[in-house]
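Participant: The structure's right below; bear with me while I get my questions together.
The values are calculated or read from the model by the stated rules, or taken from the named source; none is laboratory data. Bear in mind that the values here come from a model prediction, so they are computed numbers and not experimental data. When we count neighbours, we look across all protein chains shown, and the Cβ atoms used for this are built from the backbone with ideal geometry, even at glycine. When the accessible area is computed, the model is the full protein with side chains, heavy atoms only, and any ligands, DNA or RNA have been set aside. Shrake-Rupley method; radii C 1.70, N 1.55, O 1.52, S 1.80 Å.
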Amino acid sequence: MGWEYGIQCIEHDSISKEQQAKQLMEQLRQDLVTLDLGDMVIEQVDDGLVITDPSHTEWPHVAQIQVEQAELAIESIAEGEVYIYCLFHRHDAPVRRMIDTIQTIISTEDKWIEL
């Protein structure tokens, strides 16, 4: 069980939603690595970020944040639209800091959606 969120990117005149999602992912990566997350490790993968906690051997996978394309319509995201998918397996203080940081980053234009 986990907490699922989506970030709907806003298309600008000169930047597609796909490019906006890539730029936002880069900003998220840069800002999240500066947080004090204890033993957690943030790894960049092809389509996003994976956060693990090697000190929890039973379930080291804490979260994943990745660019996805909606296979079906979800909330206000249309089928086929690009969005950023966030899945958090824990909801402790470090994860709450990650969520707060993400919400601060996107608070000006992009939309946070609880899935």
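Participant: State all residues of region 65-82 that are aliphatic (A, V, I, L, M) and surrounded by 17 or more Cβ atoms within 10 Å (Cβ to Cβ); if no residue qualifies, say none.
Facilitator: Selection gives Ile65, Val67, Ala70, Ile74, Ile77, Val82.
Participant: Separate question: Return the residues of region 21-41 that are over 12 Å from the mean Cα position of the chain (by Cα) and without any contact (Cβ under 8 Å) to a residue 12 or more places away in the chain; say none if nothing qualifies.
Facilitator: Gln23, Gln30, Val33, Thr34
Participant: Every residue in region 36-56 that is open to solvent by 20 Å² or more (accessible area, probe 1.4 Å) and part of a strand (DSSP E or B), please.
Facilitator: Val41, Ile42, Glu43, Gln44, Val45, Val50, Thr52
Participant: Can you spot a residue in region 17-33 that is open to solvent by less than 50 Å² (accessible area, probe 1.4 Å), of a type outside the set (Lys, Arg) and assigned to a loop (DSSP other than H, G, I, E, B)?
Facilitator: no
Yes/no matrix, rows are residues, columns are (1) assigned to a strand (DSSP E or B); (2) open to solvent by less than 70 Å² (accessible area, probe 1.4 Å); (3) basic (Lys, Arg); (4) at pLDDT 90 or above:
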{"residue": "Ala63", "(1), (2), (3), (4)": "yes, yes, no, yes"}
{"residue": "Ile84", "(1), (2), (3), (4)": "yes, yes, no, yes"}
{"residue": "Arg96", "(1), (2), (3), (4)": "no, no, yes, yes"}
{"residue": "Thr101", "(1), (2), (3), (4)": "no, yes, no, yes"}
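Participant: Look through Glu43, Glu71, Glu58 and report the one residue that is modelled with pLDDT under 95 and closer than 21 Å to Glu11 by Cα.
Facilitator: Glu71
Participant: If you check every pair at least six apart or on different chains, which have Cβ atoms under 9 Å apart with a residue in region 43-69 that is among the aromatic types (Phe, Trp, Tyr) first and a residue that is open to solvent by less than 80 Å² (accessible area, probe 1.4 Å) second?
Facilitator: Close Cβ pairs satisfying both conditions: Trp59/Asp53; Trp59/His89; Trp59/Arg90.
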